[in-house]
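Remarks on the structure that follows.
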Amino acid sequence: MYEIRFHGRGGQGTVLAATILAAAIIDEGKFSVAIPSFGFERRGAPVAAYLRIDTREIRRMTNIYHPDCIVCIDPTVSRTVDIFGGLSSAATLVQTTDKPIGALDLPAAVTTVGLCNAVAIALKLFGRAITNTIMLGAFARTTGQVSLEALERALLGSEFRDAGLEQNMRALRCGYEETAVHHVQRKAAA
């Protein structure tokens, strides 16, 4: 089972991103469950969502405490929330940031990093920092867990089908194309 924890802020579409990703995973013939988690239900408050992927039926409907992957759709949320808490070994981080890999303080458990300047892309496409569909493209590019085509089909079946579909399709593709994937080599302790 592959477990993903999404981090963002209220109003950015964190929970919607997990739901769209689950639909794309199911479209590709795997099993997936998206689980929202709300603390303070207000715009700007930290929000988490959880997603599981497996080749067989998933019955576990709990929060994810030891994720294989963190998708952080807001560059500031790590100032108030420990996004790396409980991270499994050899984990993946998909992060929206304008910083280079060398400027990030990454725990030793992170071995793959996908970096996407999603805020800049969102401001260009939407005029505001809504990064959820961009980061879905970044997730696909970084992990290979889902295809860009399956994500496009999932967007067609989402709430975007009536409004903003073209912009969100473009955002998804931009996230995929503009994500830099890094494999972090850790030095063995002496």
ask   = Once the stretch 18-173 is represented by equal point scatterers at the alpha-carbon sites, with solvent omitted, what log10 I(q)/I(0) does the Debye formula produce at q = 0.08, 0.20 Å⁻¹?
value = -0.22, -1.54
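About its Cα centre, how strong a charge dipole does the stretch 36-89 have in debye, to the nearest 20, once Lys and Arg get +1 and Asp and Glu get -1 at the Cβ?
Roughly 120 debye, rounded to the nearest 20.
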task = Kindly provide the helix-only [θ] at 222 nm of the chain, computed as the sum of -39,500 (n - 2.57) over DSSP H runs of four or more divided by all residues, to the nearest 500 deg cm²/dmol?
result = -9000 deg cm²/dmol
remark   = Rounded to the nearest 5, the percent of DSSP beta bridges in the chain running antiparallel is 60 percent
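Within the set of other residues whose C-beta is less than 10 Å from the C-beta of Leu87, count the net charge using Lys and Arg as +1 and Asp and Glu as -1.
-1
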ask   = About its Cα centre, how strong a charge dipole does the stretch 1-124 have in debye, to the nearest 20, once Lys and Arg get +1 and Asp and Glu get -1 at the Cβ?
value = 240 debye
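FYI, it's all coordinate maths here, none of it is from the lab. Computed from a prediction, not measured in an experiment: that's the story for all the values here. Methodologically, a virtual Cβ is constructed for each residue, glycine included, from the backbone with ideal geometry; neighbour enumeration extends over all protein chains shown.
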